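J.: One structure is given below, represented as C-alpha cells, and several questions about it will come after.
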Number of protein chains: 2
Amino acid sequence: MLHKINLAEKLDLFSDQWSPKIIAELNGQQVKLVKFSGDFVWHSHELEDELFLVVRGRFRMDFRDRSEWVEAGEMIVVPKGVVHKPYADAEVEVMLFEPASTLNTGNTTGYRTVHQPEHI
Amino acid sequence: MLHKINLAEKLDLFSDQWSPKIIAELNGQQVKLVKFSGDFVWHSHELEDELFLVVRGRFRMDFRDRSEWVEAGEMIVVPKGVVHKPYADAEVEVMLFEPASTLNTGNTTGYRTVHQPEHI
C-alpha cells in the first residue's frame, strides 16, 4: 500500500456507528476508523492492547474506577485485560490501532459485535 | 498507561529534528513523534512495516520510482523491504507507528541513526 490515505475522505465513506472500518494493515496490526455516540458495552480484551486517537469530537473512556475525556488530537491506550467502556455525548470520529485479531466487544460478544470489519 | 496523551503537548517538549520520541507502546509496537525538514537518507526496513501520519505540515515520501506528498490528516504505510526517503520543504510533525525494533535509518546505519529513542 504505497498510496497515502486521507482520513477525512475515508470518514466520508460511511455513517454507521460502532462499526469500525479497516483502512490499513501493518505488522499484524490494523488501523481502523469508527464513528460513535452514546454508550458502548463494558468489555476487555484478553490479549490485545488498544489505541484510540480522536480525529474529531471527543469521547469519554470509562474505567471501573474512573473516567477520562479524550479530545481531538489526543489518544489513550487501554492495556489488555483492563475493563473499559467508551461513551460519547455527541458523535465522535476515532482512529483505532490494534492487532488484527481484536474483536470490538472483546470478551463480551453481543449485538454490538462486528465479526468481520469492512475494509474501506 | 491509562491517561490520555495530548499530541500537541508532546510536540512542545522537543525541537530537535530527525529524532523520533516514543509516546506510547502497545502490542510490541511503538507510537513515536518526529519533527523534520529537508532530506533523510534512503533506506528500507527488512522486517518492519512503517506508518507515517502527518499531524502538522506536509512531507514527500520518495520511492525509487515515484514520490507522494502526504499532508496533515493523511498517512502512508511503507511496507518492509521498500526503499524510501522522507523529505520536507518546511518542518513537518509526524506520528510514526512501527514495531519497537524499528531503527529509524533501517538498513543504512549512519549519522542519522537514533539507537535509543527517548520516551517523552
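J.: Does B:VAL78 satisfy the criteria of being within 10 Å of chain A (Cβ to nearest Cβ) and either on the phi > 0 side of the Ramachandran plot or aliphatic (A, V, I, L, M) (or both)?
T.: For B:VAL78, the condition - within 10 Å of chain A (Cβ to nearest Cβ) and either on the phi > 0 side of the Ramachandran plot or aliphatic (A, V, I, L, M) (or both) - is met.
J.: Next up: I'm trying to understand the selection: among the residues of the stretch A:46-63, which are more than 8 Å from chain B (Cβ to nearest Cβ) and modelled with pLDDT under 95?
T.: A:GLU46, A:LEU47, listed by residue number.
J.: A further question follows. Of all residues in the stretch B:75-120, which are in contact with a Ser or Thr (Cβ under 7 Å, 6 or more places away or on another chain), over 30 Å from B:GLU9 (Cβ atoms) and of a type in the set (S, T, N, Q)?
T.: Listed by number, the list holds a single entry, B:ASN107.
J.: In the stretch A:49-61, is there at least one residue being outside any strand (DSSP E or B), within 13 Å of the chain's Cα centre (by Cα) and within 23 Å of A:THR109 (Cβ to Cβ)?
T.: Yes: the stretch A:49-61 contains one or more residues that are outside any strand (DSSP E or B), within 13 Å of the chain's Cα centre (by Cα) and within 23 Å of A:THR109 (Cβ to Cβ).
J.: Kindly indicate whether B:GLU91 is in contact (Cβ under 8 Å) with a residue 60 or more places away in the chain, touching a strand residue (DSSP E or B) at 6+ places or on another chain (Cβ under 8 Å), surrounded by fewer than 16 Cβ atoms within 10 Å (Cβ to Cβ) and assigned to a strand (DSSP E or B).
T.: Yes, satisfied.
J.: Moving on to the next point. Which one of these is more than 11 Å from the chain's Cα centre (by Cα), at pLDDT below 95 and hydrophobic (A, V, I, L, M, F, W, C): A:VAL70, A:VAL83, A:VAL114?
T.: A:VAL114
J.: Taking the conditions exactly as written (in contact with a Lys or Arg (Cβ under 8 Å, 6 or more places away or on another chain), buried (at least 18 other Cβ atoms within 10 Å of the Cβ) and not in a strand (DSSP E or B)), does B:PRO117 satisfy them or not?
T.: yes
J.: Please go through the stretch B:28-54 and give me each residue that is closer than 30 Å to A:LEU47 by Cβ, surrounded by fewer than 22 Cβ atoms within 10 Å (Cβ to Cβ) and touching an Asp or Glu at 6+ places or on another chain (Cβ under 6 Å), ordered by number.
T.: Across the stretch B:28-54, the qualifying residue is only B:GLU48.
J.: Residues of the stretch B:1-41 being assigned to a strand (DSSP E or B), within 14 Å of chain A (Cβ to nearest Cβ) and of a type in the set (Lys, Arg), which ones?
T.: Of everything in the stretch B:1-41, just one residue is assigned to a strand (DSSP E or B), within 14 Å of chain A (Cβ to nearest Cβ) and of a type in the set (Lys, Arg), namely B:LYS32.
J.: Next question, about the same structure. What are the residues in the stretch A:22-74 that are in contact with a Ser or Thr (Cβ under 7 Å, 6 or more places away or on another chain), without any contact (Cβ under 8 Å) to a residue 40 or more places away in the chain and farther than 15 Å from A:LEU96 by Cβ, if any?
T.: Result: A:ARG60, single match.
The values are calculated or read from the model by the stated rules, or taken from the named source; none is laboratory data. This structure is a prediction, so every number in the text was calculated from the model and none was measured. No Cβ is skipped: glycine too gets one built from the backbone with ideal geometry, and neighbour counts run over all protein chains shown.
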